[in-house]
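Asks: Have a look at this one before I ask anything.
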Amino acid sequence: MEVGIVGFWSAQDVGKAIHPVLVEGQLEGGSLQALGFALVEEMKFEDGRLLSNRMTNCIIPTALDAPEMDIRVVECAYDGGPFGAKGIGELPMDGCAPAVLAAIEHATGISLNSLPASPEKLIRASQPGGDL
Amino acid sequence: MRNEAGTAVIRFRLNGEEVRVEGVPPMERLLDTLRERVGLTGSKEGCGEGECGACTVMIAGRAVNSCLVPVCQVEGEDIVTVEGLASSESLSPLQAELVAAGGAQCGICTPGVLVAARVLLDRNNSPSRAEIREGIAGNLCRCTGYQKIIDGIERAAVIERGESG
């Protein structure tokens with residue numbers, strides 16, 4: 001059971017987009033990081049040692065894993081920021097993984113309580129008495 | 001041909017010019033030869049194990065991870081690095097469109113992406129977005145989500161076909 005992302009739509013309130021192209025770029029990049037967090041990224045430890053310690057085994061999304069992204073920038077000015085701007089780097093990380101898990105539950109009934117939502121985990125969870 | 005014990009002289013074509021490097025350990029990585037001996041630091045080391053594509057160069061028209069190539073293997077070969085993508089002081093359309101689209105944030109993947117895109121466009125001058133994704137599948141980017149990289153390459157293909165308005 002493998003999850004593929006066929007589309008991605010989000011609206012992000014940034015207060016003020018001082019550099020609109022870079023703001024969009026950060027939102028797109030952060031969103032893909034969060035999608036990777038949801039689906040493929042796993043930091044594996046054994047006896048306190050990090051096993052996922054190289055690019056070969058610490059897997060991040062490629063261009064083939066990334067969906068087309070439609071991101072709408074919303075500007076509700078924030079008094080405490082320059083020109084009304086809020087921070088944007090961390091913002092796109094917040095919603096993606098919950099959205100992916102909600103979509104998986106909507107599609108399959110499987111409600112995972114850990115990440116990533118790997119194929120192995122989904123297969124185990126889909127079996128009678130399977131753990132999440 | 002060898003000079004000092006254990007080292008070699010390697011000759012190849014680099015960005016259109018004949019190059020000769022001497023006193024090179026034959027198993028030195030091409031990436032290190034380019035960066036340290038020739039002084040072309042455009043190609044980057046992201047992982048050193050052929051996974052990230054930041055070291056991508058063109059050898060005989062194909063995209064190759066230069067961190068995996070022993071320099072002795074490029075004797076007589078035709079190599080193009082990111083530095084060779086523009087023929088003059090100004091950026092090539094591919095480079096200019098990638099920048100204009102916002103396809104470069106930190107920039108560490110950008111040289112490899114540009115070389116991979118050049119190889120793609122040389123082989124297919126009107127790629128679909130899916131074909132562009134496949135063409136840069138060997139280039140990892142953590143900053144952009146690939147969206148504006150693909151936009152830039154798509155736009156560059158239009159310009160190279162002479163179809164821009």
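The values are calculated or read from the model by the stated rules, or taken from the named source; none is laboratory data. Computed from a prediction, not measured in an experiment: that's the story for all the values here. Note that each Cβ is placed from the backbone with ideal geometry, even for glycine, and that neighbours are counted across all protein chains shown. Just the protein is used for accessible areas: all its heavy atoms, side chains included, with ligands, DNA and RNA removed. Shrake-Rupley method; radii C 1.70, N 1.55, O 1.52, S 1.80 Å.
Asks: Does region A:109-119 include one or more residues that are closer than 30 Å to B:Ile132 by Cα and surrounded by fewer than 16 Cβ atoms within 10 Å (Cβ to Cβ)?
Replies: Within region A:109-119 (the criterion being closer than 30 Å to B:Ile132 by Cα and surrounded by fewer than 16 Cβ atoms within 10 Å (Cβ to Cβ)), the answer is yes, since at least one residue qualifies.
Asks: If I go through region A:21-46 residue by residue, how many of them are of a type outside the set (A, V, I, L, M), facing another protein chain (nearest Cβ under 9 Å) and more than 23 Å from A:Glu105 (Cβ to Cβ)?
Replies: Number of matching residues: 6.
Asks: Are there any strands (runs of 3 or more DSSP E) wholly within region B:1-107 with 2 or more residues that are open to solvent by less than 70 Å² (accessible area, probe 1.4 Å) and within 14 Å of chain A (Cβ to nearest Cβ), and if so which?
Replies: Hits in region B:1-107: B:62-65.
Asks: A further question on this structure: Which one is farthest from B:Arg129 (Cα to Cα), of the residues in region A:57-73 that are more than 8 Å from chain B (Cβ to nearest Cβ), open to solvent by 60 Å² or more (accessible area, probe 1.4 Å) and not β-branched (Val, Ile, Thr)?
Replies: A:Asn57
Asks: Could you tell me whether B:Ser126 is surrounded by 15 or more Cβ atoms within 10 Å (Cβ to Cβ) and away from every other protein chain (no Cβ under 14 Å)? Steps first, please.
Replies: Details: surrounded by 15 or more Cβ atoms within 10 Å (Cβ to Cβ): no; away from every other protein chain (no Cβ under 14 Å): yes.
Against the criterion (surrounded by 15 or more Cβ atoms within 10 Å (Cβ to Cβ) and away from every other protein chain (no Cβ under 14 Å)), B:Ser126 does not qualify.
Asks: Here's another thing I want to ask about it. Report whether or not B:Ala137 is free of Cβ contacts under 8 Å to residues at least 40 places away in the same chain, facing chain A (nearest Cβ under 10 Å), closer than 24 Å to A:Cys58 by Cα and among the aliphatic types (A, V, I, L, M).
Replies: For B:Ala137, the condition - free of Cβ contacts under 8 Å to residues at least 40 places away in the same chain, facing chain A (nearest Cβ under 10 Å), closer than 24 Å to A:Cys58 by Cα and among the aliphatic types (A, V, I, L, M) - is met.
Asks: Which one of the conditions (1) more than 10 Å from every other protein chain (Cβ to nearest Cβ); (2) under 13 Å from the mean Cα position of the chain (by Cα) does B:Val113 fail to meet, given that it meets all the rest?
Replies: Failing condition for B:Val113: (1).
Asks: Ok, one more. Is it the case that region A:46-56 has a residue that's under 19 Å from the mean Cα position of the chain (by Cα), modelled with pLDDT of 95 or more and open to solvent by 60 Å² or more (accessible area, probe 1.4 Å)?
Replies: no
Asks: Suppose the filter is surrounded by fewer than 16 Cβ atoms within 10 Å (Cβ to Cβ), at pLDDT 95 or above and of a type outside the set (Val, Ile, Thr); does A:Gly15 pass it? It would help to see each step written out before you state the result.
Replies: Details: surrounded by fewer than 16 Cβ atoms within 10 Å (Cβ to Cβ): no; at pLDDT 95 or above: yes; of a type outside the set (Val, Ile, Thr): yes.
No, not satisfied.
Asks: Let me ask something else about it. How many of the residues making up region A:78-132 are part of a loop (DSSP other than H, G, I, E, B) and touching a Gly at 6+ places or on another chain (Cβ under 7 Å)?
Replies: Counting residues in region A:78-132 that are part of a loop (DSSP other than H, G, I, E, B) and touching a Gly at 6+ places or on another chain (Cβ under 7 Å) gives 5.
Asks: When you look at B:Ala86, is it modelled with pLDDT of 95 or more and not β-branched (Val, Ile, Thr), yes or no? Talk me through it step by step, then tell me what you get.
Replies: Numbers: modelled with pLDDT of 95 or more: no; not β-branched (Val, Ile, Thr): yes.
No; evaluated as a whole, the condition is false for this residue.
Asks: Okay, moving on. Just give me the residues in region A:74-90 being open to solvent by 50 Å² or more (accessible area, probe 1.4 Å) and out of contact with any helix residue (DSSP H, G or I) (no Cβ under 6 Å at 6 or more places or on another chain), in sequence order.
Replies: A:Val74, A:Glu75, A:Cys76, A:Asp79, A:Gly80, A:Pro82, A:Phe83, A:Lys86, A:Gly87, A:Glu90
Asks: Please go through (1) without any contact (Cβ under 8 Å) to a residue 24 or more places away in the chain; (2) of a type in the set (Gly, Ala, Ser); (3) closer than 25 Å to B:Cys141 by Cβ for A:Gly130 and return the number of the only condition it doesn't satisfy.
Replies: Exception for A:Gly130: condition (3).
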